[in-house]
Amino acid sequence: MSEELAGLSATALLHGYRRRQFSPLEAVEAVLRRIARLDPRLNAFILLDPEGALAAARAATERWARRKPIGRIDGVPTTVKDLILTKGWPTLRGSKAVDAQQPWTEDAPTVAHLRAEGAIFLGKTTTPEFGWKGVTDSPLTGITRNPWNPAKTPGGSSGGAAAAAAAGLGALHIGTDGGGSIRIPAGFSGIVGLKPSFGRVPAFPASPFGTLAHIGPMARSVADVALMLTVMAQPDSRDWYQFPHPCQDFRHGLDGGVGGLRIAVARTLAGAAVDPKVAALVAKAAGRFAELGAVVEEAAPDLPDCNPIFQILWFSGAANLLRAYTPEQKAAMDKGLVEVADEGARIGILDYLAAQKAREAVGQTMKAFHRRYDLLLLPTLPVAAFDAGLERPPGQGRWTDWTPFTYPFNLSQQPAISVPAGLTADGLPVGLQIVGPMHDDGLVLRAAAAYESVAGPFPLPKL
């Protein structure tokens, strides 16, 4: 039983704590043993704090012994992506250019909310430099690898979080998503990852990539993602963009099913090519919704190729970010990031404003689409995971070329979740993406839970 508890969901851990079947200390010890065995191969963590985690676990164990947990996730092993401020730990953002020797005195809103409800923080997970691309490697941390096949990438930029979740190195994981950075690694790594509606989860400080960027939960089950979102989405006045919404428990209604919902299934968007083995798994997964009583039709929103729109906005953000660094600091950065920032610096203000207008049209198109359909199903990605250490599959351009199904919904700011659709013949996960109307995160979670109820839990990889 040395590692058995590490494979349990947060929901199962909390059930066990209530019944006194095991303690938070036992659970954290199991996870730390598993991290010690597996992370040298996976490289999912940039920082580990076993002493801090064990001390917090002892305190949580005492609270559960007195039947007085401090919150909804008291004693649950949790990780933080290295883009998110965490009191007492450096937030290096995957970059050698960030000075670790400075005061780290503040928790970001998501960390503060999770900490207040008893999360046990294990450490910080890896990201590409400043979260700039859809895979996870950086000059600071090296290459992060996929638990299903360590020769492959777990995706990015929340690749460390996804690898940790898939391998059972913690139950709950904070990710960020500015163009697919939660859903890409969720799809490649066989976990559940939600990009909530923009403004649902508070962020501070604001992302350099502006209103494209979201913060969301990653875990191995829909119930855990719903639980984590419930805690993360509480209000924080530091986020100017967070929209006012009543605090709600997103676990309520998860079992409501999809009977009678109008669901569209899109094989692709704007003609993007999809690997046939990915398309077959996604089609099979989408077919489950008809079995569950939904009205399912093949239909796709009439979106343009969103890559040019997204690149102007994203590359401009990269340029603005890097202008704070010296030429000497840039020389030590990821070459691709510097190239993208240089491209962004050449974008004129009129082109930028035109891209903003085009973004508005994307959002309007999706609003009109959801007047007809409650949900949209499509592949998370058009390919399965490729070799680790590469920015792109052979023959592709920048990371935006092989992620055409994720960033359109950063432009439109809608909730979108990736759930496992199955494994290819090569044993690599494929993701099904479920997209819902703006602010209807609960509906997206309900549909994901319905699918999971018939697809069954996704297994841990054999490591």
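The values are calculated or read from the model by the stated rules, or taken from the named source; none is laboratory data. The shown structure was predicted, so the numbers you read here are calculated from the model rather than taken from an experiment. All Cβ positions, glycine included, derive from the backbone under ideal geometry; neighbour counts span all protein chains shown.
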Any hit, segment 75-83, residues being modelled with pLDDT of 95 or more, under 15 Å from residue 175 (Cβ atoms), of a type in the set (A, V, I, L, M, F, W, C) and touching a strand residue (DSSP E or B) at 6+ places or on another chain (Cβ under 9 Å): yes
Tell me yes or no: at least one residue of segment 58-78 is of a type in the set (D, E, K, R), under 30 Å from residue 396 (Cα atoms) and part of a loop (DSSP other than H, G, I, E, B). no
Condition first: out of contact with any strand residue (DSSP E or B) (no Cβ under 9 Å at 6 or more places or on another chain) and either part of a strand (DSSP E or B) or aliphatic (A, V, I, L, M) (or both). Now tell me which residues in segment 84-102 satisfy that. 85, 97, 98, 100
Could you check how many residues of segment 425-443 are surrounded by 17 or more Cβ atoms within 10 Å (Cβ to Cβ) and either among the polar types (S, T, N, Q) or closer than 25 Å to residue 168 by Cβ (or both)? 7
Residue in segment 159-170 that is under 20 Å from residue 340 (Cβ atoms), among the aliphatic types (A, V, I, L, M) and in contact with a strand residue (DSSP E or B) (Cβ under 8 Å, 6 or more places away or on another chain) present: no
Which residue, of 44, 97, 60, 10, is touching a Ser or Thr at 6+ places or on another chain (Cβ under 9 Å), farther than 30 Å from residue 130 by Cα, buried (at least 19 other Cβ atoms within 10 Å of the Cβ) and not hydroxyl-bearing (Ser, Thr, Tyr)? 60
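Only one of 380, 400 is among the polar types (S, T, N, Q), over 25 Å from residue 250 (Cα atoms) and modelled with pLDDT of 95 or more; which?
400
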Just for helices (runs of 4 or more DSSP H) wholly inside segment 156-234: which have at least 3 residues that are under 12 Å from the mean Cα position of the chain (by Cα) and under 15 Å from residue 125 (Cβ atoms)? 159-167, 183-189
